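A single structure is presented below for examination.
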Amino acid sequence: MNNNHEGPKSDLTLLNDILAEADGVPGSLITVLQKAQEIYGYLPRDVIYHVAESLNINPAEVMGVATFYSQFRLTNIVKYLIMSCQVTACHVYGSKRVSEAVSEYLGIKHGETTEDGLFTLENVACLGCCSLAPVIMINGEAYGNLTPDSVLEVLKGIKEREAGK
C-alpha cells in the first residue's frame, strides 16, 4: 500500500500495541479507531492508512467508519469542538438556521477551525438529545432548544471567558 499522502507524519509506533491486540480479532476496527483518537486527539490521514494496512482492510472502509460515527474527528481541534446535530428532529426545529448562525458568526464552515484555533465546527448526524432539539454539543456539553440568537449568546460567552484569561 502506498502511504504517500498529504499531511504531517504521525508517530505510528504509538499504535503498535493496539494493532497487535486487534490482529485477527473480527470487529475490532471501531475500538482501534477510538484508541487511536485517544492517542492523537483525532484521526490523521496517515493513521487511517496505517490502521487499514495493519488490519488488512480497505482504507475506504476505515474512512467510512470514521466518517459515519460522530465520535470520530478527522481534523485536530485546539480548544472547542462544536457538534451541530442535523438529524430529523433537530432539522424540523431549526438546526440548519442554528448551524448557519454559528458558521456566520465564527466565519467557518463544517469541518473547519477558526483562525485563532478556538473553535472547530462539525455537523453530525445525531447527538442523541432529540428532546432538546435543536441541539449543539460543545466539548461534550449539550445546549438545547436553541435559536440562532441563543446559540450566539453561548458562543459569545465562551469568547468572553477566553478573552478574560
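The values are calculated or read from the model by the stated rules, or taken from the named source; none is laboratory data. As the structure is a computational prediction, the values presented were derived from the model and not from experiment. Cβ sites come from the backbone with ideal geometry, for glycine too, and all protein chains shown count toward neighbours.
Please determine whether any residue of region 103-114 is of a type outside the set (S, T, N, Q), crowded, with 18+ Cβ neighbours inside 10 Å and touching a strand residue (DSSP E or B) at 6+ places or on another chain (Cβ under 6 Å).
Yes, the conditions are met somewhere in region 103-114.
Collect the residues in region 128-146 that are under 18 Å from the mean Cα position of the chain (by Cα) and at pLDDT 90 or above, keeping them in residue-number order.
Across region 128-146, the qualifying residues are 129, 135, 136, 137, 138, 141, 142, 143.
Condition test on residue 57, is it hydrophobic (A, V, I, L, M, F, W, C), outside the structural domain of residue 114 (by TED's automatic domain parsing) and not in a helix (DSSP H, G or I)?
Working: hydrophobic (A, V, I, L, M, F, W, C): yes; outside the structural domain of residue 114 (by TED's automatic domain parsing): yes; not in a helix (DSSP H, G or I): yes.
The answer is yes for residue 57.
Here are some residues: 96, 159. Which one is free of Cβ contacts under 8 Å to residues at least 24 places away in the same chain, among the charged types (D, E, K, R) and not assigned by TED's automatic domain parsing to the domain that holds residue 42?
Answer to the check: 96.
In the list 150, 103, which residue meets the criterion of being free of Cβ contacts under 8 Å to residues at least 24 places away in the same chain, in contact with a Lys or Arg (Cβ under 9 Å, 6 or more places away or on another chain) and small (Gly, Ala, Ser)?
When all the criteria are applied, what remains is 103.
Residue-by-condition table, conditions (1) under 19 Å from residue 10 (Cβ atoms); (2) charged (D, E, K, R):
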site: 45; (1), (2): yes, yes
site: 48; (1), (2): yes, no
site: 56; (1), (2): no, no
site: 63; (1), (2): yes, no
site: 70; (1), (2): no, no
site: 75; (1), (2): yes, no
site: 82; (1), (2): no, no
